[in-house]
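Asks: Just passing along the structure, written as structure tokens.
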Amino acid sequence: MEGRHVMGRRAMGDRAITGAAAPVADMATGHPRGDSSPWTWVAGGAVCGLAWSAALRGYMVELVGAGSTFTWTGTFGALLLPGAVTGGLLGWAEYLRRSGPPRGWRWLALAPLTLAAAPMLVPGAVTTLATTGIGGGAIAVGLMGIVGGYALSGRGRRWPRVVCGVAGVGFAAALAATVPGMTNPSQSLTDPRGAWAAVLAGSIYAVLALGCSIPHRRAVSPSVEPLRSGRVT
């Protein structure tokens, strides 16, 4: 009899520990209980990406001045839409990072390449890039977003992250430093408008690098139920 009591108490204890330590998941969706659905993260990321790309378009207007033109293909198809897609993919990466990511999820670190690839789909863009170099900025922004993201991730060997960090800071500084020579009309960095354009350029890149750091960061284990005293689950 005593042996049965001991075995019974041990079994109840095992059930309590198992029930408390098991990941809390919605059996219907497989998502961690209490967490948002993946579509919430994707939609939120897409809105952030849309706002980011719209800010980048504003910076481009500042560079070109009155000669800047807006088209459905160029403005929306080659810039705003890729920005929203990139943001959505990074939002999905954050959801996966928080919910016990599947194998291969870190490939989402390449999401910023959407910013580089989309403008090349515009008819004549590849030829223009090859002959004049126009369009290379989009490729540079996408690649440097990945570089800056890795530098800010806090994961991986230190010296590659330091090298990427130096490259990212140099890229942001170059964007700010080129304001006087690229804006039309020319704006000095000592002028409020020129200083604003430099801050806009640097902060746009900083935000991109922060977003691109998500797929590089350490994954978070799924949440677990707290052990409640006096209750057996």
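The values are calculated or read from the model by the stated rules, or taken from the named source; none is laboratory data. Owing to the predicted nature of the structure, the values given are computational and were not obtained by experimental measurement. Cβ atoms come from the backbone with ideal geometry, glycine included; neighbour counts cover every protein chain shown. Areas reflect the complete protein model, heavy atoms only, side chains present, ligands, DNA and RNA absent. Shrake-Rupley method; radii C 1.70, N 1.55, O 1.52, S 1.80 Å.
Asks: If I filter the range 163-174 for residues that are surrounded by 15 or more Cβ atoms within 10 Å (Cβ to Cβ) and either over 20 Å from Leu143 (Cα atoms) or touching a strand residue (DSSP E or B) at 6+ places or on another chain (Cβ under 9 Å) (or both), do I get at least one hit?
Replies: No, because not a single residue in the range 163-174 is surrounded by 15 or more Cβ atoms within 10 Å (Cβ to Cβ) and either over 20 Å from Leu143 (Cα atoms) or touching a strand residue (DSSP E or B) at 6+ places or on another chain (Cβ under 9 Å) (or both).
Asks: Which helices (runs of 4 or more DSSP H) does the range 56-139 wholly contain that include 1 or more residues that are modelled with pLDDT of 90 or more and open to solvent by less than 40 Å² (accessible area, probe 1.4 Å)?
Replies: Working: elements: 81-98, 113-117, 125-132.
Fully inside the range 56-139 and qualifying: 81-98, 113-117.
Asks: Six or more apart or on different chains, Cβ under 9 Å: which pairs go from a residue in the range 142-170 that's at positive phi and of a type outside the set (Ser, Thr, Tyr) to one that's assigned to a helix (DSSP H, G or I) and open to solvent by 40 Å² or more (accessible area, probe 1.4 Å)? Could you list them?
Replies: Gly154/Arg161; Gly156/Tyr150
Asks: Here is a follow-up. Surrounded by 14 or more Cβ atoms within 10 Å (Cβ to Cβ) and not β-branched (Val, Ile, Thr): does that describe Gly154? If you could, list the steps in order and put the result at the bottom.
Replies: Numbers: surrounded by 14 or more Cβ atoms within 10 Å (Cβ to Cβ): no; not β-branched (Val, Ile, Thr): yes.
It is false that Gly154 is surrounded by 14 or more Cβ atoms within 10 Å (Cβ to Cβ) and not β-branched (Val, Ile, Thr).
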